[in-house]
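Student: Okay, handing you the structure first.
The values are calculated or read from the model by the stated rules, or taken from the named source; none is laboratory data. Values in this document were obtained by computation on a predicted structure and should not be read as measured data. Cβ placement follows ideal geometry from the backbone for every residue including glycine, while neighbour counts extend to all protein chains displayed. Just so you know, the surface numbers come from the protein's heavy atoms only, side chains and all, with ligands and any DNA or RNA stripped out. Shrake-Rupley method; radii C 1.70, N 1.55, O 1.52, S 1.80 Å.
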Amino acid sequence: MGDEERDVRIAVDPELRREVNEAKIKLRALKTTEADLNRSIAALERDNGAKLTSILAPAAREVVGNEQLAGMFAFERDHLTDFLAERDAEEVRKAVTGLGADKRALVYILCKRTKGQLAAIAKKYDELYVDNLAERVQKEVGGDLGYFLHAIVTPAHLYDAELLEAAMKGWGTDESLLTEVLCTRSNAELAAAKVAYLQRTGKALTAAVESDVGGAYEKFLLACLDGDRSEDPVAFKLTAQTAAESLHAELTAQSDSDWGGGDGLVLIGALARPSAAQVEEIKSHFAQMAGKSLEQAIKDACRGDLRRALMCRVARKASFYAAKLEEAFSGLGTDEKTMARILGRCTRREV
């Protein structure tokens, strides 16, 4: 039907004309309602926008103010840190200048500072006096106290390189010290130690280890030295159970405490790579499975340097250091160098 024909029908049909007029009235009403709704929505948006602005504007100003305040605090903190480091550096300089070092002053200053603060002091000391703080302190104080203070103020990666060089210097190898460094350090610490060792000796650390030790012990140390140990704080039960089963098969088959570790692959996969949390989970599964601790199984199956390395790896770090300190204090005399090394090198949290 065309528009013209439709208009004719509406004109001659009263009922149809009435329906069309009612539809037009309803349409106008709907348009009016729509317009009213749009106006209401716009008004609400204006009102709510104003309310929202009134709420958020002070909060935004407070955020900006807090950021500015935080910046001021950071500036003041850095300025204060630099000032305190400079003050301590000056006091240390006084303590090591003259006929004899003021040991009491050095202990009071250096033994109360964190590793971060000591690093700042050493840096400032070098800036002010063009002198190495660690070397100066050890030279002026000497003896066990001098070595202890040297361990305190030497940056960790440089001290680790020094320890590694000492462990592999000369004809013999200090396997206990070598194990302590390579089996307890984090991935980042080992990476830094590699660089420092190369700079210190001109030789790659991996090559040095390979030339000094051998067998499964060498393979285990090199695996630790790779620095790809998981550092995930979460333990996974299924993989821990699998590792415990592999270790159980590998360790409990040995009965003469003279096992050399085989190809070392099981030990590396189960103990060198997993995180500390995962090792604890493996130890738990192993004890349930074997009826004895993993540590006891290692003692029963392994000997010498390999046993030492495995025992170090499965121990909690704090427990390992506590055992080393107890060993240093035992017997007729105190092993001052071990005591100084551990207490000087480690952070307070580690011991």
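Student: When residues of the range 91-131 are filtered for being of a type in the set (S, T, N, Q) and touching a Ser or Thr at 6+ places or on another chain (Cβ under 9 Å), how many remain? Show your work before the answer.
Tutor: The first filter runs over the range 91-131 and keeps only residues of a type in the set (S, T, N, Q), leaving 97, 114, 117.
Still in the list and also touching a Ser or Thr at 6+ places or on another chain (Cβ under 9 Å): 114, 117.
Looking only at that region, the number is 2.
Student: Has the range 208-220 got at least one residue that is closer than 26 Å to residue 343 by Cβ and at pLDDT below 95?
Tutor: no
Student: Then there is this: For the range 160-174, check the following and say yes or no: at least one residue is part of a helix (DSSP H, G or I), under 19 Å from the mean Cα position of the chain (by Cα) and either buried (at least 21 other Cβ atoms within 10 Å of the Cβ) or modelled with pLDDT of 95 or more (or both).
Tutor: Just the residues of the range 160-174 that are part of a helix (DSSP H, G or I), to begin with: 160-167.
Narrowing further to those that are under 19 Å from the mean Cα position of the chain (by Cα): 160.
Retained after the next criterion (residues that are either buried (at least 21 other Cβ atoms within 10 Å of the Cβ) or modelled with pLDDT of 95 or more (or both)): 160.
Within the range 160-174 (the criterion being part of a helix (DSSP H, G or I), under 19 Å from the mean Cα position of the chain (by Cα) and either buried (at least 21 other Cβ atoms within 10 Å of the Cβ) or modelled with pLDDT of 95 or more (or both)), the answer is yes, since at least one residue qualifies.
Student: Looking at the range 146-157, can you tell me whether even one residue there is open to solvent by less than 60 Å² (accessible area, probe 1.4 Å), over 30 Å from residue 222 (Cα atoms), of a type in the set (Phe, Trp, Tyr) and at pLDDT 90 or above?
Tutor: No, the range 146-157 has no match at all.
Student: Quick one: which helices (runs of 4 or more DSSP H) lie wholly within the range 259-351 and hold at least 3 residues that are modelled with pLDDT of 90 or more and within 27 Å of the chain's Cα centre (by Cα)? Before you say what the answer is, go through the steps one by one.
Tutor: On the way: elements: 276-290, 294-301, 304-314, 317-329, 336-345.
Passing ranges, in order: 276-290, 304-314, 317-329, 336-345.
Student: OK, next. If I ask for residues that are assigned to a helix (DSSP H, G or I) and acidic (Asp, Glu), which ones from the range 197-246 would you list? Give the derivation first.
Tutor: Within the range 197-246, the first condition is being assigned to a helix (DSSP H, G or I), and the residues that meet it are 197-201, 205-212, 215-225, 237-246.
Scanning the range 197-246 gives 210, 212, 218, 245.
Student: Moving on. Taking into account only those residues within the range 101-138 that are assigned to a loop (DSSP other than H, G, I, E, B), at pLDDT below 90 and charged (D, E, K, R), which is most open to solvent (accessible area, probe 1.4 Å)?
Tutor: Going through the qualifying residues, I end up with 112.
Student: In the range 175-186, which residues are part of a helix (DSSP H, G or I) and crowded, with 18+ Cβ neighbours inside 10 Å?
Tutor: At the first step, the residues of the range 175-186 found to be part of a helix (DSSP H, G or I) are 175-184.
Result: 175, 178, 179, 180, 181, 182, 183, 184.
Student: Can you find a residue that is open to solvent by 30 Å² or more (accessible area, probe 1.4 Å) and either touching a Gly at 6+ places or on another chain (Cβ under 9 Å) or on the phi > 0 side of the Ramachandran plot (or both) anywhere in the range 223-231?
Tutor: Taking the range 223-231 and keeping what is open to solvent by 30 Å² or more (accessible area, probe 1.4 Å), we get 226, 228-231.
If we keep only those that are either touching a Gly at 6+ places or on another chain (Cβ under 9 Å) or on the phi > 0 side of the Ramachandran plot (or both) too, we end up with none.
Checking the range 223-231: not a single residue is open to solvent by 30 Å² or more (accessible area, probe 1.4 Å) and either touching a Gly at 6+ places or on another chain (Cβ under 9 Å) or on the phi > 0 side of the Ramachandran plot (or both).
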